[in-house]
Every structure is written in C-alpha cells, then in structure tokens.
1. Work out from phi, with θ = phi - 60° and the Karplus expression 6.51 cos²θ - 1.76 cosθ + 1.60, the ³J(HN,Hα) of each residue of the range 12-21, listed in order in whole Hz, and give x for Gly and Pro.
2. Can you compute the charge dipole magnitude of the range 3-55 about its Cα centre, using +1 on each Lys and Arg Cβ and -1 on each Asp and Glu Cβ, nothing else charged? Give it in debye, rounded to the nearest 20.
Amino acid sequence: KHWKWRMHGAGGEFARQAAAAPSLPDLILTTDMLDVASLKGLLPAAWRNVPVIQYFHENQLTFPWNEGDAEKVRGLHHT
C-alpha cells in the first residue's frame with residue numbers, strides 16, 4: 001500500500017541515514033523502486049561522488065502490452 005509515495009520518499013530517508021553513517025560506502029546499490037535523482041540531490045555533499053548502480057527488474061518501455069488491459073494509455077512516469 002502507498003508504494004508510489006514510498007518510492008518517491010525513500011531518497012529522503014536514505015539521505016538522512018547516510019548523513020548519520022560513520023563512513024562512505026564504496027558504492028550505492030539500489031533497485032528501480034528508488035528515485036535515484038532525488039537520492040543524489042539529497043545526499044550529504046561528501047556522498048555525491050559515490051557511484052550508484054541501479055538494478056531494474058523489468059523495463060516498462062519494452063514490456064509487452066496486454067491488449068485486454070483496461071488502462072489504454074501507458075503511463076511512463078514510473079520508468
């Protein structure tokens with residue numbers, strides 16, 4: 001429930017946790033359920049050069065369209 005809000009709000013929470021971390025990581029590994037642009041913008045300055053790898057479980061741009069789907073317009077705002 002409320003997964004879209006959690007997806008957009010997670011960057012702020014992770015940035016808050018990063019500010020409290022005792023050291024920098026070698027990299028940040030995320031999934032497609034995190035808005036990386038928000039995370040990068042909210043990270044403490046020392047963290048902004050840490051590389052980010054984002055794993056995409058499935059890509060909605062190439063995902064086959066179901067002709068029987070009630071939603072006829074593909075929403076690309078979550079891709």
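Computed from the coordinates by the stated procedures, all read-outs in this text should not be read as laboratory data. Fair warning: this is a prediction, and the values are worked out from it, not measured in the lab. FYI the Cβ positions are ideal-geometry reconstructions off the backbone, even for glycines, and counts take in every protein chain you see.
1. x, 5, 5, 5, 4, 5, 4, 4, 8, 6
2. Working: 5 positive and 4 negative charges, 29 e Å.
So the magnitude is around 140 debye.
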